[in-house]
Every structure is written in structure tokens, then in C-alpha cells.
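First up is the structure itself, then whatever we jot down about it.
The values are calculated or read from the model by the stated rules, or taken from the named source; none is laboratory data. The structure presented is a predicted model; accordingly, all values stated were derived computationally and were not measured. Cβ coordinates were reconstructed from backbone atoms using ideal geometry, including for glycine residues, and neighbour counts include every protein chain displayed.
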Amino acid sequence: MSTIERLVDELERSYAEAQERMADPTVYNDRRKAAETGRRLKELQAPVKLAEAWRSARADLDDAREDAELATMTSELEAEVERLEEELRLALVEKDPADEKDVIVEIRQGVGGDEAALWAGDVYRMLTRYAERRRFRTETLSTSENEAGGFKEVVFAVKGQGAFSVFKYEGGTHRVQRVPETESQGRIHTSTATVAVMPEVEDVEIAIEDKDLKIDVFRSTGPGGQSVNTTDSAVRITHLPTGIVVAMQDEKSQLQNKNKAMRVLRARLYEAERERQLAEVAAARRLQIGTGERAEKIRTYNFAENRLTDHRIKLTVHRLDQILEGELDEFTGALQAEERRRALALASA
């Protein structure tokens, strides 16, 4: 039996087992187990369809080799079988279990003062427009503006199937080189914004004990520190075991701010554990594109040359104006292809 035949047999066996598990009442009635099994079934659906197409193409090829009247189709069918085998190998490369999740994106101004805050706003606009182009939904969770009209920090959610598989490549430091509007001498300044992209998780995926939380309430404040309402509606949640702090103040309701803060806290806790596991894997296998560290410079946006360079894959384009309108598919596609290439090379080693 060939390697690809063994892969197909194992795939079909795994799919049948997942179907049986989903039909098991003990699994169906357990939210966590049902969610895990449902995700597994969904992951296997596309590879199973490829396996069915491969089996059909192989059968057609065998027929063509044995029937003189069909011999002219042999080379075409061989190419189709080879193509399906390659697609199957790629489909069966171990995927990040977070890829299908919604995401929470945090953008913060980096170095560069007011210009960095304005740049953080531009990155926010670029990423939300990209989400719209991909037909994802966005929801702003929290904003902290500065006096210049930029953002010290902005947090938003992106919802839609496969959102994390698209937006995870935006995590890191985005560096801009341009002449600020306030620069009278026309000198180019360099500033940065940092982006963190985290999978959004459900309650059942991250267990948070009440005793591990310290919840403070306070009055919301505007850019200059002035109070913007007269009630203690803003919420700050500290996760005591990790020291992670999340504050929300955009909503008028204390409960709404608390719910948003808990969403971000769950995402940060999940991502912290994910980063720990990835670091262990990367130390042994060096599979990541870049290090994944938030401080790593992933792209440079040069306004004078209308240029964007992605340093992870050495890809440069000279249409920055379009990129800033959310046309990022070329970069996402190239990064996904590089990730698959590395994973396939490792799996074949």
C-alpha cells in the first residue's frame, strides 16, 4: 500500500470515528466535547471530499490503462491524480486549531508620539476595511484616543469563519516611514504601531475562576483625562494568577463593559497558553513564520515610494495606497502558502 493510500484510509477512518462520536449521547450532551467533535468534523470535511475525488480519479486512471479506447486520457488522468495527491497532502498537514475562530485584534501606538497614534488609527482603518473585503463582521470593543486624533489603543473583534487564519499574519510591529502633517521641514519620520491578534474563545474553552479575578469600577475618561460620565460604569479586571489586566469604558453600562472585558481576558489567556505551546514547538521544529513576537517588525510602509515590504517573506509591492484601503489578500495568500510549504516539508522529512 502506498503512502497516499495509507493517508486516505486513515483520513476516512478518522472521519467515521468523528461521526460516531457526534452521534454518541454522552458527547452530544457535553458542550465542550460536542464543540471539539464538531470542529473536528468540520476540519475533515474538505480533505474527505478530496479523498473521494482522488479515489474516483485513481479508478478512472486504472480503467484508462486497461482499456485501449481510453488510453489517450491516461496522461491527463495521471496529472489529475498527482494534483489531488498534492492537495490531499497539504490538506492533511496539521492545522492550527485556532484557524477557524473569530479574533480579537489589539492595536497600540508604538514609538513616534502623536504620529504613532495617528498611524495606529491608519492601521485600524486598514484592517477593518480588509475585514469588510473578506465579508467578515467587525465590532469595536474599546478605544483610547489621544489629543491629536489618533489612538493610544483600539481593540476590535472580527467575526467570520476562518477569521483567525486570515488575521493572524497581522500580528507584530507595523513600521511607517512618512512625512507627518505637522512636519514643516518635509522630513520623513519613522514610527510604529503594534498589533496583537488573538483567537476569541468561548466560555467552555477557558475556565476562569471568580476567585482569580479582581474587579474594579471607575468613571470613564476622555482623551485629556476628563470624566465623560457621572457613574462608575468603567470596569477593570485583573486576572490574579497571571497579572493580566483588561479595562473597558466605552459602554454606558457597567455590565456591558464587564462582558467585553471578559471576552478580551479570555482571548488573552488563551493566546498566552497558545504562545507558550508554540514556543515549545518552535524551539524543536522552527515552524513559525517569524517568531510571532509582538515586538517583531513584520512590515514597513513607505509613503514616499508608495511601497509596502513584508519582511517575513521578502515581498514588496508599490501600491501602498491600495493596501491602506484593505487590499491585503496578496500578502495573506503568500504567507499562507509559505506556512503550508514549511509544514509540508517538515511533515515529509
### Message
Pairs please, first residue from the stretch 83-112 and among the polar types (S, T, N, Q) and modelled with pLDDT of 90 or more, second anywhere and surrounded by fewer than 20 Cβ atoms within 10 Å (Cβ to Cβ) and part of a strand (DSSP E or B), Cβ atoms under 7 Å, 6+ apart in sequence or on different chains.
### Response
Q109/K152
### Query
Only one of these conditions is not met by E12: (1) surrounded by 14 or more Cβ atoms within 10 Å (Cβ to Cβ); (2) closer than 26 Å to P199 by Cα. Which number is it?
(2)
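With the requirement that a residue be among the β-branched types (V, I, T) and either in the same structural domain as Q161 (by TED's automatic domain parsing) or in contact (Cβ under 8 Å) with a residue 40 or more places away in the chain (or both), what does the stretch 6-52 give you?
Taking the stretch 6-52 first, the residues among the β-branched types (V, I, T) are 8, 26-27, 37, 48.
The answer is V8, and nothing else.
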### Task
Could you grab the pairs with beta carbons closer than 7 Å, sequence gap of 6+ or different chains, first residue in the stretch 256-277 and within 18 Å of V245 (Cβ to Cβ), second one assigned to a helix (DSSP H, G or I)?
Y270/E205
### Task
Please state which one of E87, E69, E78, E82 is surrounded by 14 or more Cβ atoms within 10 Å (Cβ to Cβ), over 27 Å from the mean Cα position of the chain (by Cα) and in a helix (DSSP H, G or I).
E78
### Message
If D250 satisfies all but one of (1) within 29 Å of A207 (Cβ to Cβ); (2) outside any loop (DSSP other than H, G, I, E, B); (3) modelled with pLDDT of 75 or more, what's the number of the condition it fails?
### Response
(2)
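What number of residues within the stretch 53-66 satisfy the criterion of being in contact with a helix residue (DSSP H, G or I) (Cβ under 8 Å, 6 or more places away or on another chain), surrounded by fewer than 18 Cβ atoms within 10 Å (Cβ to Cβ) and without any contact (Cβ under 8 Å) to a residue 40 or more places away in the chain?
As a first pass, look at the stretch 53-66 and keep what is in contact with a helix residue (DSSP H, G or I) (Cβ under 8 Å, 6 or more places away or on another chain): 53-55, 57-58, 60-61, 63-65.
With the extra rule that they be surrounded by fewer than 18 Cβ atoms within 10 Å (Cβ to Cβ), the set shrinks to 53, 55, 60, 63, 65.
Okay, now just the ones that are also without any contact (Cβ under 8 Å) to a residue 40 or more places away in the chain, so 53, 60, 63, 65.
Selection size over the stretch 53-66: 4.
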